[in-house]
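Below: the structure, in structure tokens.
The values are calculated or read from the model by the stated rules, or taken from the named source; none is laboratory data. It should be emphasised that the depicted structure is a prediction, and the values quoted were computed from it without experimental measurement. Counting neighbours? That spans all protein chains shown, and the Cβs are built from the backbone with ideal geometry, glycine included. For the accessible areas, the whole protein counts, side chains as well, though only heavy atoms, and no ligand, DNA or RNA atoms are used. Shrake-Rupley method; radii C 1.70, N 1.55, O 1.52, S 1.80 Å.
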Amino acid sequence: MSINKVILVGNVGKDPVVRDFDKGVVKATFPLATSETYTNQQGETITSTEWHNIVLWRALAEVAEKTVKKGAQLYIVGKIKTRSYVDKDGNNKYITEILGDTMVLIEKKTGSPATNQQHDSEPGES
């Protein structure tokens, strides 16, 4: 048995980039930052930020296109996927992405989350 599940709460780094494919399939991608703060031995506060490449498909991508903006705080549940490609110079490149299947937009003003949950699986095409 194996499990590939990721839960992230972070801030959107850029507005989603949305692409339309054949048969009405929609894909949205955007970076999500998660930060961790700690105090080192010298008493300094250190913040470490990780950037995650988020990929959403179909109806969830359409919701993201309408509601997700740079700076928004999101709760994302999905799985990790690494893919490879060859760049223009012939070098192998690898990219790790989070394929989201649940997204919740966390409203900062009211403190209560506005739920936008959808479950989608990725199509065979990338």
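General observations
- Accessible surface of the chain, 1.4 Å probe: 46 percent of it comes from carbon and sulfur atoms.
- Per residue of the chain, the DSSP helices (runs of n ≥ 4 H) give a summed -39500 (n - 2.57) that works out to -2500 deg cm²/dmol at 222 nm.
- Residues whose amide H falls under 5 Å from that of ILE106, counting only those 5 or more places apart or on a different chain, are GLN73, LEU74, TYR75, with hydrogens built in the peptide plane.
- Per DSSP, loop GluC sites (Glu not before Pro) in the stretch 29-89 with at most 10 further Cβ within 10 Å: GLU44
- Loop-located chymotrypsin sites (Phe, Trp or Tyr not before Pro) in the stretch 1-87 (DSSP state not H, G, I, E or B) with no more than 14 neighbouring Cβ atoms inside 10 Å: PHE21.
- Projected label distance in nm at SER35 and VAL77, using a 7 Å step from Cα toward the beta-carbon: 2.7 nm
- Simple Cβ-charge dipole of the chain, Lys/Arg +1 and Asp/Glu -1, about Cα centre, in debye nearest 20: 160 debye
- In the list (i) 23, 18, 13; (ii) 26, 22, 14; (iii) 32, 19, 10, the label attached to semi-axes √(5λ) of the Cα gyration tensor in Å as derived from the coordinates here is (ii).
- Percent RCO, i.e. relative contact order, over the chain, from Cα pairs under 8 Å lying at least 6 residues apart: 25 percent
- The stretch 1-64 - charge dipole about Cα centre, Lys and Arg +1 at Cβ, Asp and Glu -1, debye rounded to 20: 300 debye
- Full-extension gain in nm, LYS88 to VAL17, via 0.36 nm per residue minus C-alpha separation: 23.3 nm
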